[in-house]
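Inspection log for the structure reproduced underneath, given as structure tokens.
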Amino acid sequence: MPYRFLEDVATADIAFEASGETLEELFIASALATTNVMIRDLQQIEKRERREIKVEAEEMDLLLFNFLQEIIFYKDAEQLLFTEYDVKINEKDTPLGLIAEVYGEKLNMSKHDLIVDVKAVTLHQFEIKKIESGWKATVILDI
Amino acid sequence: MPILEGIKKISDTIWEIPASFKEGMRVPARIYATEELMKEMDQEVLTQITNVATLPGIINYAYCMPDGHQGYGFPIGGVAAMDAKTGVISPGGIGFDINCGMRLVLTNLTYAEVKPHIKELVNALFQRVPAGVGSTGFLKISKQQFREVIAQGARWCVKEGYGWEEDLERIEENGCIGGADPSKVSEKAVDRGYNQIGTLGSGNHYLEIQVAKPEFIFDKELAHVFGITIPDQVVIMFHCGSRGFGHQVATDYLQVFLKVMDKKYGIKILDRELACAPFNSPEGQDYFAAMKGGINMSFANRQVILHRIREVFENVFHKDAKKLGMHMVYDVAHNTAKLEKYEIGGEVKELIVHRKGATRAFGPKMEGLPEIYRDVGQPVIIGGSMETGSYLLVGVKSGIQTFFSTAHGSGRTMSRTKARRVFEGRRLLRDMEDRGIYVRTTSFSGLAEEAGPAYKDIDAVITATDKAGLSKRVVKLIPIGNVKG
């Protein structure tokens, strides 16, 4: 799996590390990790609804911050969780841009094994790093 | 963490980290803890509380309460008072869950009377007070009405029939903080929150039925003033906040502050989660007005939940909630920033007091206390883990040392990720039931995360709090039923 939850980084919150060969893969892995904090099995989410997410930011890490924040927004505003993310990042423009097509469905307590609500993405120790095999991100989510 | 060289022991419960510890510290930091708790505290608390000490306008010390543990920006249990004229306001010093807090409600029932009905009660509460990921409430209101709610707080609810007039005086700010401005909150924040009034949320949020056993009443007279008068009296405690609305307000302004902090105001910080703006700036004031909307939303949320709890007890016991003595003791917040006046160097100054995972604890006779508690001080409600019990305390005069701030919970010591691996939700539920605590949860993994051993010893935290003179313990409350968010 392109992400793993970290046991010793945050206590009251949940920390994860995600990676990808490309920025797009990194963003998708981070989105899946964020969703996986809320639902035990991502396979339980069917692709019944489609939404388009567009975000901008001056810096790449804040672009990821804004993207993850959108996922949390849909969880509250429309009770939607997504399982598939098709992400395109425009690195050349200023500000940086992201367009994503995301697929998922409405939360259903009798169908979905829900775990815990994510309140927000924090900027504490938040970073995106270029590594040999691509990109790595560290994220702490407020629970 | 080992108690590092350079940390000065001021008393048995106060540890000081001098301003020379880190470049940029404007004041020393003080951690309130017994030696035992201090050794248990994670290293990150030290880093975070000394980061807080670098914020512009901070007065006296950056404080960490005995339940302190690592958070983001501020540690949880962090308190910082900034000069309102020269200092900053920081969402990281309040938390994403704006005005998250505790409410304690009385009954005139005894444990013996409630015990046969405990499953029925908890099951009904589980039905009537939605909890868990993305849950929505029964209140169907328009976005426009929601904007009224964030301006009016619990007052709106009582006006609409969700509660009693007397409830209002038993809430900080009488259930409605002045100056909340709906025009300063984003459409997104409204979208996230307008269907969530009356919901618990998840994580460490809960609704608990508890018993005040005679052996755990530490101050009989004060317990009486707070309405705990019969042996084995049953009370209800719950913990929740401003839900998605508050989370979005904090997220929105975190980004606003990041943009202007350095470029416009030349403020440099050590952790982006400490993003801030001068309190006396357009951005600072906008956030303050929006954040107050979060305060009112959480008062409204807890008010509607109280209404539902009363309905459940009425249905189960076939008696009116008033006849069941279901008066609220008090509603306290532990994620806020408030303007308060203090004498600093012989001059009365207005301070913006940040309390993140810390409870306001006003001493006797202080302005802002309801008449019924004016002589004794503010009730302080500290929730422990769901397995170990919670406490009712009272604010004391000596609380001035921390700008009348005290602990808010037991404080986590084990990460959620680890707790999920170490404990098994279903087994924990059965074990708790064997020990006389009936639990309903939306998530077994979520339940495992909240296991008692993932937290500090609540008794040790309260002992430190009491000994340090931050607040005085009155009653320990033992759980018998729990709805886990």
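What follows draws every value from the coordinates through simple rules; no lab data is involved. Just so it is clear, the structure is predicted and the values come from calculations on it, not from any experiment. All Cβ positions, glycine included, derive from the backbone under ideal geometry; neighbour counts span all protein chains shown.
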Exercise. With a sphere of radius 12 Å drawn around the Cβ of B:PHE317, what net charge do the other residues whose Cβ falls strictly inside it have (Lys, Arg +1; Asp, Glu -1)?
Worked result: -2
Problem set entry | Tail beyond 44 Å, pair distance distribution of chain B (Cα, percent) | 7
Exercise. At q = 0.13, 0.15, 0.20 Å⁻¹, what is the log10 ratio I(q)/I(0) for region B:99-188, with the Debye formula run over Cα points and no solvent?
Worked result: -0.64, -0.82, -1.23
Exercise. How do A:VAL118, B:VAL353 line up, fewest other C-beta atoms within 10 Å first?
Worked result: B:VAL353, A:VAL118
Exercise. Just the Cα atoms of region A:1-128, one point each, no solvent: what log10 I(q)/I(0) does Debye give at q = 0.11, 0.13, 0.17 Å⁻¹?
Worked result: -0.36, -0.50, -0.87
Exercise. Points 7 angstrom from Cα along the Cβ direction at B:LYS220 and B:LYS8: gap in nanometres?
Worked result: 4.4
Exercise. Rounded to the nearest 20 Debye, what is the dipole magnitude of chain B about its Cα centre when Lys and Arg each give +1 and Asp and Glu each give -1 at the C-beta?
Worked result: 800
Exercise. Where does helix B:458-467 land angle-wise versus the long Cα axis of chain B, in degrees 0 to 90, nearest 10?
Worked result: 60
Exercise. If each residue's Cβ is checked for other Cβ atoms within 10 Å, how do B:CYS64, B:CYS157 rank with the fewest at the top?
Worked result: B:CYS157, B:CYS64
Problem set entry | Which of B:PHE403, B:GLY78, B:ASN280, positive extreme of dipole for the protein assembly as shown (C-beta unit charges) | B:PHE403
Exercise. Between B:PHE21 and A:ASP113, what is the spin-label point distance in nm, taking each point 7 Å from the Cα along the Cα→C-beta axis?
Worked result: 4.3
Exercise. How large is the dipole of the protein assembly as shown about the Cα centre if only Lys and Arg carry +1 and Asp and Glu carry -1, each at its Cβ, rounded to the nearest 20 debye?
Worked result: 920
Exercise. What is the average number of partner chain Cβ atoms found within 10 Å of a Cβ in A:130-143?
Worked result: 2
Problem set entry | Filter on B:LYS115/B:LYS467; B:LYS220/B:LYS323; B:LYS188/B:LYS268 - keep pairs with C-alpha separation over 25 Å | B:LYS115/B:LYS467; B:LYS188/B:LYS268
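Among the listed pairs A:LYS54/A:LYS88; A:LYS119/B:LYS264; A:LYS54/B:LYS143; A:LYS119/B:LYS263, give every one whose C-alpha distance is greater than 20 Å.
Among A:LYS54/A:LYS88; A:LYS119/B:LYS264; A:LYS54/B:LYS143; A:LYS119/B:LYS263, the Cα-Cα distance tops 20 Å for A:LYS119/B:LYS264; A:LYS54/B:LYS143; A:LYS119/B:LYS263.
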For this session: Any chance you could check the Cα centroid distance between region A:6-21 and region A:73-143 for me, in angstrom?
Result: 14
Exercise. When DSSP beta bridges are limited to those with both residues in the protein assembly as shown, what percentage is antiparallel, rounded to the nearest 5?
Worked result: 90
Exercise. For region A:13-142, with only Lys/Arg (+1) and Asp/Glu (-1) charged at the beta-carbon, what is the dipole magnitude about the Cα centre, in debye rounded to 20?
Worked result: 300
Exercise. Among A:GLU25, A:GLU105, A:GLU52, which one shows the biggest mean-square fluctuation in a GNM of chain A, springs joining Cα atoms closer than 10 Å?
Worked result: A:GLU52
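Compute the semi-axes of the equivalent ellipsoid of the protein assembly as shown, taking the square root of 5 times each eigenvalue of the Cα gyration tensor, and list them largest first in whole Å.
35, 30, 23
Show me B:354-367, B:165-178, B:8-21 ranked by packing, highest mean number of other Cβ atoms within 10 Å first.
Highest-to-lowest ranking by the protection proxy: B:354-367, B:165-178, B:8-21.
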Exercise. Around A:ILE14, which amide H atoms from residues at least 5 apart in sequence, or from another chain, sit under 5 Å from its own amide H, with H modelled in the peptide plane?
Worked result: A:LEU141, A:ILE143
Problem set entry | Residue-wise HN-Hα coupling along region B:172-186, computed from phi with Karplus coefficients 6.51, -1.76, 1.60 (Hz; x: Gly, Pro) | 3, 6, 6, x, 8, 7, x, x, 6, 10, x, 6, 9, 10, 6
Problem set entry | Highest-MSF residue in chain A out of A:ALA18, A:ALA120, A:ALA31 [GNM, Cα springs under 10 Å] | A:ALA120
Exercise. Given the rule -39500 (n - 2.57) for each run of at least 4 DSSP H residues, summed and divided by the residues of the protein assembly as shown, what is its mean residue ellipticity at 222 nm, to the nearest 500 deg cm²/dmol?
Worked result: -9000 deg cm²/dmol
Exercise. How well do other chains shield peptide A:3-10, expressed as the mean number of their Cβ atoms within 10 Å of each residue Cβ?
Worked result: 5
For this session: Using Cα positions and a limit of under 18 Å, work out the lysines in reach of A:LYS47, with same-chain residues fewer than 8 apart set aside.
Result: A:LYS75, A:LYS106, A:LYS111
Exercise. Roughly what angle does helix B:43-52 make with the longest principal axis of chain B, taking Cα atoms, 0 to 90 degrees, to the nearest 10?
Worked result: 60
Exercise. Cα to Cα, under 18 Å, and not fewer than 8 places away if on the same chain: which lysines meet these conditions relative to B:LYS338?
Worked result: B:LYS85, B:LYS184, B:LYS292, B:LYS349, B:LYS356
For this session: Return the sequence-ordered ³J(HN,Hα) values of region B:216-228 in whole Hz as given by the Karplus equation 6.51 cos²θ - 1.76 cosθ + 1.60 applied to θ = phi - 60°, using x for Gly and Pro.
Result: 10, 9, 8, 9, 4, 5, 5, 4, 4, 4, 7, x, 9
For this session: Give the distance, in whole Å, between the Cα centre of region B:415-478 and the Cα centre of region B:1-72.
Result: 25
Problem set entry | For B:ALA62, residues with placed amide H under 5 Å, excluding near neighbours | B:ALA29, B:ARG30
Exercise. If you build a Gaussian network model of chain A, linking Cα atoms that sit under 10 Å apart, which residue out of A:LYS106, A:LYS75, A:LYS130 swings the most?
Worked result: A:LYS130
Exercise. What is the helix-to-structure angle for B:143-152, meaning the angle in degrees between its Cα long axis and the longest Cα principal axis of chain B, kept from 0 to 90 and rounded to the nearest 10?
Worked result: 80
Seminar exercise, completed: For region B:136-141, in residue order, the Karplus 3J(HN,Hα) values (coefficients 6.51, -1.76, 1.60; θ = phi - 60°; whole Hz; Gly and Pro = x) are 10, x, 7, 6, 9, 10
For this session: Count, for each residue of B:237-247, the Cβ atoms from other chains sitting within 10 Å of its Cβ, then give me the mean as a whole number.
Result: 2
Seminar exercise, completed: If B:THR199, A:THR35, A:THR94, A:THR138 are placed from fewest to most neighbouring beta carbons inside 10 Å, the sequence is A:THR94, A:THR138, A:THR35, B:THR199
Seminar exercise, completed: The answer for the net charge of residues other than A:GLU127 whose Cβ lies under 9 angstrom from its Cβ, with Lys and Arg +1 and Asp and Glu -1, is +1
For this session: Could you please report the charge total around B:SER385, scoring K, R as +1 and D, E as -1 over all other residues with beta-carbon less than 14 angstrom from its beta-carbon?
Result: -2
For this session: Count the DSSP beta bridges whose two residues both fall in chain B, then state the antiparallel fraction as a percent rounded to the nearest 5.
Result: 90
